[in-house]
Structure formats: C-alpha cells, structure tokens
Amino acid sequence: MKNLIIVLWDQLTHSLPMLAEATSTDIIFMCECREQLHYIPHHPKKIAFILSSMRHFAEELMQKGLKVHYVDYTNRVNNGELLQELQKAINKLKPTLVTYTEPSEWHIQEKINAFFVKNNIKFKVFEDARFLCSKTEFAQWANNKKQLRMEYFYRTMRLKYNILLNEDKSPIGGKWNYDVENRKAAPNSLTSPNRISHKKDDITLKVIELVKLYFNKNFGDLEPFYFATNRQQALKEAQHFIEILLYDFGTYQDAMISNEAYLYHSLLSSYINLGLLSPLELCGLAEEAYQKGLVPLNSAEGFIRQILGWREYVRGIYWLMMPKYISNNYFDAKHPLPWSYWGGETKMNCIKEVVKQTREHAYSHHIQRLMITGNFALLTGLNPLEVHRWYLSVYADAFEWVELPNTLGMALFGDGGLLASKPYCASGKYIKRMSNFCKSCDYNPEEQFGENACPFNALYWNFLIMNEEKLKKNQRMKVIYQALSRFSDEKKNQLVNHAQHILLKLEEGKM
C-alpha cells in the first residue's frame, strides 16, 4: 500500500499525525506554487523564508528515509497550480490513498476537497493537531453565546492546559490578565537587545537568488536575510527570546520607538505559523521561566495570552465565520489604500516609520500594526479588502486565517464587534504618549486644527461623530461619547470640516 501525503507550505512540522504514520513506501508531495506566491505581492523576505523553510523540511524528511516528490518553483514542468501538480503526481505515482492535514485557509480547503470529490480520489483528512483548540471545540464554545470575547475563551484554554494555575485552578497571582501592567511607554534610551543571526547555507542562498530574479519588483527589502529556516534555528530563536527578551516584553510591549522594529518582541509568530515551533511548547517555556523566577508574571502571562488566547481565538473566529467573514464592512469604508502604505512620500512620521520598518524587516510589532497603520485605516475609512491584502502581503507571519480576523475584526472593527468589544481608535495624543515618533514629525499632536495639526486628531473625532449611531450604545465607548457631547456644534463642525480636508489631501497624495 502506497500513500501520497500532501504537506503544504505552512505545515512544516514533523510531529503531524499524517507524517508520524508515514512509512518508507509512502511518498510526500510538496509544491512551490506560483498561484500562492503571486496572488498578492508578498514581501520578498516572506517568500524567501517560506521557500527556504520548505526546502529544508523536505531535506529533513529525506534524511529520515522518507520519499519526497518535490516540485520547485523553477521546475520547467511546474505550471504553478497546486491541484494540477497534485493531479500529475497522482497520475505518475498511482497512490492507494491520498492523505493531508486540514489546510489553515478556507479557500485552500475548499479547492482540495472539491478536487478529490470531483475526481473520485480516495483521501483521508487529518485534523491539524498543532492548534490547541479544534474547529469543533471552538464552535461548541461559541454556540449560544450572545457575545464572543477572547478573555473568556482564554480562561477556558488556561484551564484546559493547566497553565499558570494554582492547585485549586485559580490563576497564579490572583488575576487572569495582567495587560494593565503592559502599557508602559518606552524611555528614549530604550533599544533592542542584539538579535541572533543564522548562517545561510546553500539552500537559503539559492532561494535568495531565486527571489531576487522573480520577485524583485515586490515591496520590501530581501536582504539582509536573517530568518531561521529550520526547526533547530527556530528553537534557538525561542531560547534567545525566553532568556534575553521575555523579562521586559510585558512592560514595553505597547511601546514604539523610531528605528527599533523589535524592542522586546519575540518574532516567533512566523515560526509558529509555518510549523517550525509548537505553540504549546512556547507557552511551556514561558511558564517555566516564570516558575524559575527568571521573568515577571506580567511578561509570562502576556506572552502566553497572545498564543494560547488570541492566536487560537482568531483562528476559531476565522473558521466559524468564513467564507462570509471577508465581506464584512461595518462602516461601509471605501477609500483606496494610500500610496504611503507602499513607501510613498508622507509627512506623517509615524506612518513613515512603521512602513519603513515593515519594508526592511517584513515585520512590525502588533501595537504598530494596530494603533498606527490599523488606526489610520480605520479613521480614514480605507477599503477593508485593500487593507487586508496589504497586511497579508507585507508581513512574514501573515496567513489569511490569522491576518484577516486581526485586520478586519480588530483593526477595522469591520465585523461590527464580533471579534473585538470596541473599535481600537486613538488620536495623536496616544501616539505621542506611547512613542517617540512625534518628535520628528511635521505635525503637532497637541493641535486639532490647522495645517500643522496632527491628522489623527480631527480624524479621530470625525470618526466618532460620523459613526455615533452605530457606536454610542457600546458601553466601552460611553466615556468618550460623554466627552464628545460636551463639544459645541461649532467645534464638531470644525473637526468634521478639517477631517474632510485631510481626506481630500490624502487622496491627492499630500499627507
């Protein structure tokens, strides 16, 4: 009996059940698909990271004595489409059974399932055991709830995996969530500790040359390339984070500093999402570091919450609500994405800085994604699909299942509050408080009107005014709408008029 085992680009995990059951007679199918690499303009670093990691994984499988049918990008018979290459492999190898782990993205799963049914191919689907909450389990948790909130889901997951709990199942420290301790602005002297680097082997060097040749027009700097591209290197990244960075991660995770893309953030999301690291093992490492007294509770809990809580929660929302979820547009936002998001000229230093970091690193930490580029997209009413495609394109850790809910639900409140309890919007004063971006900006965060006023200020109040009917009943918006109610009609009109002036300048590329 010979099985054909499909391993997709983000399933690079040796412990997957379908691989654990593989024998020397089975053949593993892997394909570098042009359709996946070209349907949006992925950052060159992201492409190199994925392709190099795939090739390293295939080599590891062969070193274990397994057969691999690998279709690389430049293979002259590779027509670039997953299903056509799969059909050719089936015709050639004539497997008794085709097995695969459920894809992470809805459209891939639909295509593969339809392909097997249409062609009457015998297949077996494995649940993706790398996630800590199955689709069925999440749907059961969400069933009959009036509101879905990550905090309560997170507590359920803490209990399920017995993480940071006392013997009586109460949370260590007396609280489930220490987010209130994780909002300290960074002092000007704060800089990122040195990051580790990995020697580029022949596989990675060849991939870099491939990306230079075929993806040189994409937004983003390919080099210097420093990503881990196999599990051993990714484990070193995890160890470095736990030993060097986690201690201050919690305290400064919301801070933003010019020319400091990382600060104390882990960069591990890319490795988890591709399959090189396990989410549960990282939670265990963080918990162990706290138990040994190496890191404070707010840092360990904050890191664990991002993985055990938020990552699993957005994945659950994605599968619960797709395919309709991608069409949500609660505020009927229609403005096109400004050229500044692709590196075009802008006088707004915060946008310029975050886009610069994104271009250089295929990375920007989550507060910058949410409260700079996301906040600006929300306040200016940018088209959610265009914003979604941008985030999916430019970040190495962005795959649709995790990026779409974060963008549409969290940053843009496009689902009307299904995922998040309120819009995450803020004025220039927040950016001034949490960053040093404003010190080098042409605009003043203390001014609301005039050519020197920070655009975020008028845009913020304009957003609240224009969407009052949709938001005023939200209890978490009550205080801000009470403040707005004290504004005179004249001031409200001034703010709206100035915001419209800003939007016009934005369309003209003069912001």
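General observations
- The lone exception for Met511 - which of (1) farther than 16 Å from Ala377 by Cα; (2) under 31 Å from the mean Cα position of the chain (by Cα); (3) in a loop (DSSP other than H, G, I, E, B) it fails: (1)
- Scanning the range 459-481 turns up at least one residue that is touching a residue at least 12 places away in the same chain (Cβ under 8 Å) and within 17 Å of Thr346 (Cα to Cα).
- Checking the stated criteria, Pro41 turns out to be within 18 Å of the chain's Cα centre (by Cα), surrounded by fewer than 20 Cβ atoms within 10 Å (Cβ to Cβ) and not assigned by TED's automatic domain parsing to the domain that holds Trp401.
- Take the conditions (1) more than 18 Å from Pro384 (Cα to Cα); (2) modelled with pLDDT of 95 or more; (3) buried (at least 18 other Cβ atoms within 10 Å of the Cβ); Val402 misses just one of them, which is (1).
- Of the helices (runs of 4 or more DSSP H) contained entirely in the range 31-137, those carrying at least 1 residues that are in contact with a Pro (Cβ under 9 Å, 6 or more places away or on another chain) fall at 82-93, 106-118.
- Pairing residues of the range 212-235 that are in contact (Cβ under 8 Å) with a residue 60 or more places away in the chain and on the phi > 0 side of the Ramachandran plot with residues that are outside any helix (DSSP H, G or I) and hydrophobic (A, V, I, L, M, F, W, C), at Cβ distances under 9 Å and at least 6 apart in sequence or on separate chains, gives Gly220/Ala362.
- Within this structure, Ser327 passes the test of being within 30 Å of Asn457 (Cα to Cα), free of Cβ contacts under 8 Å to residues at least 12 places away in the same chain and surrounded by fewer than 20 Cβ atoms within 10 Å (Cβ to Cβ).
- Residues that are part of a loop (DSSP other than H, G, I, E, B) and either buried (at least 18 other Cβ atoms within 10 Å of the Cβ) or out of contact with any Ser or Thr (no Cβ under 8 Å at 6 or more places or on another chain) (or both), drawn from the range 221-231: Asp221, Leu222, Glu223, Pro224, Phe225, Phe227, Ala228, Thr229, Asn230
- Positions within the range 173-200 being without any contact (Cβ under 8 Å) to a residue 40 or more places away in the chain and exposed (fewer than 14 other Cβ atoms within 10 Å of the Cβ), in sequence order: Gly174, Val180, Pro187, Ser189, Asn194, Ser197, Lys199
- Candidates Phe131, Phe153, filtered to the one that is under 25 Å from Gln36 (Cβ atoms) and either among the hydrophobic types (A, V, I, L, M, F, W, C) or touching a residue at least 40 places away in the same chain (Cβ under 8 Å) (or both): Phe131
- Among residues of the range 228-260, those that are charged (D, E, K, R) and touching a strand residue (DSSP E or B) at 6+ places or on another chain (Cβ under 6 Å), counted: 0
- The set of residues from the range 348-387 being more than 28 Å from Arg183 (Cβ to Cβ) and part of a loop (DSSP other than H, G, I, E, B) comprises just one member, Asn383.
- Screening the range 421-458 for residues that are of a type in the set (S, T, N, Q) and in contact (Cβ under 8 Å) with a residue 40 or more places away in the chain and picking the one that is surrounded by the most Cβ atoms within 10 Å (Cβ to Cβ) gives Ser435.
- Number of residues in the range 167-220 that are assigned to a loop (DSSP other than H, G, I, E, B), out of contact with any Gly (no Cβ under 8 Å at 6 or more places or on another chain) and of a type outside the set (A, V, I, L, M, F, W, C) equals 25.
- Residue that is surrounded by the fewest Cβ atoms within 10 Å (Cβ to Cβ) [pool: residues in the range 138-172 that are touching a helix residue (DSSP H, G or I) at 6+ places or on another chain (Cβ under 7 Å) and farther than 23 Å from Gly284 by Cβ]: Ala139
- Breaking point among (1) under 21 Å from Ile372 (Cα atoms); (2) free of Cβ contacts under 8 Å to residues at least 40 places away in the same chain; (3) not in a helix (DSSP H, G or I), for Lys505: (3)
The values are calculated or read from the model by the stated rules, or taken from the named source; none is laboratory data. Since the model is a prediction, treat every value here as computed from it, not as a measurement. Methodologically, a virtual Cβ is constructed for each residue, glycine included, from the backbone with ideal geometry; neighbour enumeration extends over all protein chains shown.
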